[in-house]
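The values are calculated or read from the model by the stated rules, or taken from the named source; none is laboratory data. These figures come from a predicted structure and were not determined experimentally. Here Cβ is always computed from backbone atoms with ideal geometry, including for glycine, and neighbour counts include all displayed protein chains. Note: accessible area is taken over every heavy atom of the protein model, side chains too, but ligands, DNA and RNA are not part of it. Shrake-Rupley method; radii C 1.70, N 1.55, O 1.52, S 1.80 Å.
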Amino acid sequence: MGRRRLRSRACAAGRDPVALLSPVPIDAARVPFEPATPSPMAADLPSSPSTGLSREDLPWLLALALLTVPLFAGPLLRGEVLYRRDLNMLWVPQMESFVRAVAEGSLPLWDPYRAFGQPLLADPRAEIAYPPTWLNLILRPGTYLTGYVVGHIVLAAVGLYRWLRLRGASTLASVAGAAVWETSGPLLSHGNFGHMLPAAAWMPWIFAEADRCLDEPGRRSVLRLALVTAAQLLAGSPDVTMLTGLGLVVYVAPRLFHPSWPARVGRLALAGALAACTSALQWLPMLELVRHGVRSTMGATERTTGSVTPARLVEAVMPVWWNSLRLQHHVSLAVLDAIEPFMLSIYLGAPALALAAVGLWRVPRRLAWPLGAMALVALLFSMGPHGLIYDAIVAVTPLRLVRFPSKATIVVALAVGMLAGLGLDALRTARRAAAVPFAVLLAACVVARIAVARVEWWGPRLLAAEASAGEWARAAAVNVRAIDLTAALLAVAVLAIWLAPRKLAVALVALAAVGDLAIRHRDLNASAPAALFSVRPAALDLLPGGRLARIYSYDYGFATSAQKARGLLPSPLVLARAPRGWPLPAAYVLGVHETLAPPTAARWGVFGSYDLDTVGFFTPAQTRLAELLREVEGSPAHLRLLQVGGVDAVLALRPERWWADLVPVGEASGSFREPIRVFRVPDTRPRAYVVSGVRTIPDDEAAIQALVDPAFDPAREVVLDSGVPTPIAPEFTSATRILEHRSDRVTIEAEASRSAVLVLLGASDPGWRASLDGVRVPVRRANAIFRAVDLPPGRHRVVFLYRPATIEAGALLSLVGAVALIGLALPQRGAARGQAARDSLRSR
């Protein structure tokens, strides 16, 4: 019931209308949700206020699900697999480590294959605590990826549809707004990053439940908000979660200027606390990982790489892709703030933006303006140092941990989808004047088309020198066709608003807004033949070292910080051949997999070593060692580091001077021009060994330099971070045997003729515990990054077990949170008896 009708009924009865509008404590939990902004089609409100959805909504939800078919035609219709970027390089190898850990009977807490070993559950990208992840145990990677990405895109669309319905939007407006969000560039771009997409999919659900929690007193509203917030926290993207929090603060702030603001803030805080408690199993270990990793020490330059530059803002409004052009290096850095954009598309749709402008203009301010403010703050944050507020926000919030600020465009896309849906309803009462934003953007398209078509003017200034005139023309033609299509749809919208009947005009404008985005992004999430995740690299058959082989595969896709400082860029490999029918980008990825580039070798149970840190979760010492290996190439220190790390084999393609220190094993052909050369590292350290000599160096950098000191003998001594230095015993004898090697547990039988140190070449972490013949002993940090324990004379059994205290505490907190949520979900007997009594009185 709207406020105007309620006020008129109260005045007619001679009662105070303010008292009627105040919540009644006894029945507060049973008051149905009243949308703050009734639409022109108020009779079309959902019939089930408890969820915002009803059976009548199912056909429309099915339509939103079917909209994913043209967006993901390859996986859904042709049986192909999604593979772009993080999906094939990071996500699939991590999932294989998870499956392998569970299959061997271990808890999925540690990944022994990434580098020298890395936390698994604590890494939010692995999503171990997110229930859908466990479907990997029964599904193939490609099948799971398709369901994972498409399912969360649909979840995101349903969430915004529900939010619009709760805000009083009509069915058509809700479908259109949800479809705009579903087909937007920022949301679909998140599909290339695995863990970021689920977190983005839960965003509209959180906003919808926050709306209800503000307006509905009672524990059920708190329960719903806590559940969806916990789902986002478990989904594994702290960056998207923090960006959701930023948008939510801006959105709800005006709603807190209300007499009942303490109760509203209390409900939001209680829901947030319950969500945090329930999801502690994920975020508590993650905080420990971040605290010990290099991500917590990121500088401003590293943190803001990939921001949305002013030049790239054009791409948010016009269907022009800078990435489709072979730009000069300095132009790429100026326009994309990177060699290639982090977000493949930030296009929000010109017709959709025009519709959102109508929503800002015609929808009541108490709803439209918070959405507009949310979009503006997120957009300015996404611009990083190019914006006005980035420094102020990161100075007072944890958002300084967010890399690539362009991720914040996901919040902008959500607000645009919401405003577009509300704006479509507003078209019913603002007919001709509503054509203005469409006409303005149509004129902008005309200007953009003229500029893009003049390739002879901008080509020499922007494009790489090696780009041919034919490439210039093709690049211009692709963008011109996209602009023409958008301009045509804008023209249809303008004509429909002016000339068509009301219902037809609304339908045509909705089709223009959704169609523009759907056509533009139909190939954004590229797919490859399913064989991409099943082809076995031939180089695997050449690896020495047995079951526990550790390799160093030269990573040609990344440059170290020192190389970047000298202006050296990654040098991509040249594709020479591709399987018949494969798209060239997919064939290139296949070639990368054939080289066992880190961390893809984890798919086959091969252990990595000096992997470069691409996400900032390595410890400073581990990051430094990996970069040092690159810096000392061509010197004896290079071979020394390989031996210290227990590297059995090296894979490389381009001839280098340091190859002379290695023993050739063989060559394997692949997709690239150069064959894959496999080398054996001579005199490398075994996985576990015992030494008598000890150097004590607490400083990481000094310890790392000691490892490359010619006087250091890795076969007879070790560098520890604490303890008493011990000289090398001249007649020392020892023996070791690995009895058990699982992901979270290593059992070693070791024997020493005198007091010594047992070294295990696996990455050190505070979560590792050790026992010597059943007695707990401290784990020492050896050679800057490895694990070690003191070993008395004689034969002993040593067990290393990975059980971080943060995981145990997180599991306990999650259990407490789950019990609290179940308690909120259970009906209260007293409330039920009170309601029965009130129903009885009414019946009399």
> Helix 502-520 sits at what angle to the longest principal axis of the chain, using alpha carbons and giving 0 to 90 degrees rounded to 10?
Replying inline: 10 degrees
> So which trypsin sites (Lys or Arg not before Pro) in region 234-289 pass both tests, a DSSP loop state and at most 13 other Cβ atoms within 10 Å of the Cβ?
Replying inline: none
>> Just to confirm, what accessible area per residue do you get for region 63-110 at 1.4 Å probe, in whole Å²?
In response: 34 Å²
>> Just the number please: accessible area per residue for region 134-278, 1.4 Å probe, all protein chains included, in Å².
In response: 26 Å²
>> Run lengths n ≥ 4 of DSSP H only: what is the helix-derived mean residue ellipticity at 222 nm for the chain, with -39500 (n - 2.57) per run over all residues, to the nearest 500?
In response: -15000 deg cm²/dmol
> How much of R737 can a 1.4 Å solvent probe reach, expressed as accessible area in Å² and rounded to 10?
Replying inline: 130 Å²
>> Taking the solvent-accessible surface of protein heavy atoms with a 1.4 Å probe, what is the per residue accessible area of region 450-512 in Å²?
In response: 54 Å²
>> Nearest 10 degrees is fine. How inclined is helix 584-594 to the longest principal axis of the chain, computing both from alpha carbons?
In response: 30 degrees
>> What is the angle, in °, between the Cα long axis of helix 409-426 and the longest principal axis of the Cα atoms in the chain? Nearest 10 is fine, range 0 to 90.
In response: 20 degrees
>> Quick check: at a probe of 1.4 Å, how many percent of the accessible area of region 67-217 sits on carbon and sulfur atoms?
In response: 65 percent
> Longest span of the chain, sites excluded, free of GluC sites (Glu not before Pro) in DSSP loop with at most 10 other C-beta atoms within 10 Å?
Replying inline: 1-465
>> Through the Karplus equation 6.51 cos²θ - 1.76 cosθ + 1.60, θ set to phi - 60°, convert the phi angles of region 395-405 into ³J(HN,Hα) values in whole Hz; use x for Gly and Pro.
In response: 6, 10, 9, x, 5, 5, 7, 7, 8, 6, x
> For region 410-566, which whole percent of the accessible surface, found with a 1.4 angstrom probe, sits on carbon and sulfur atoms?
Replying inline: 66 percent
> With labels modelled as points extended 7 Å from the Cα through the Cβ direction, what inter-label distance (nm, one decimal) is found for V440 paired with L66?
Replying inline: 3.6 nm
> How big is the accessible area of D661 in square angstrom, nearest 10, if you roll a 1.4 angstrom probe over the protein chains?
Replying inline: 60 Å²
> Taking a probe of 1.4 angstrom, what is the accessible area of R695 in Å², to the nearest 10?
Replying inline: 60 Å²
>> Let me check against my output: what whole-number percent is the relative contact order of region 594-655, with C-alpha pairs under 8 Å and at least 6 apart?
In response: 30 percent
>> Tell me the relative contact order for the chain as a rounded percent, counting alpha carbon contacts under 8 Å between residues six or more apart.
In response: 15 percent
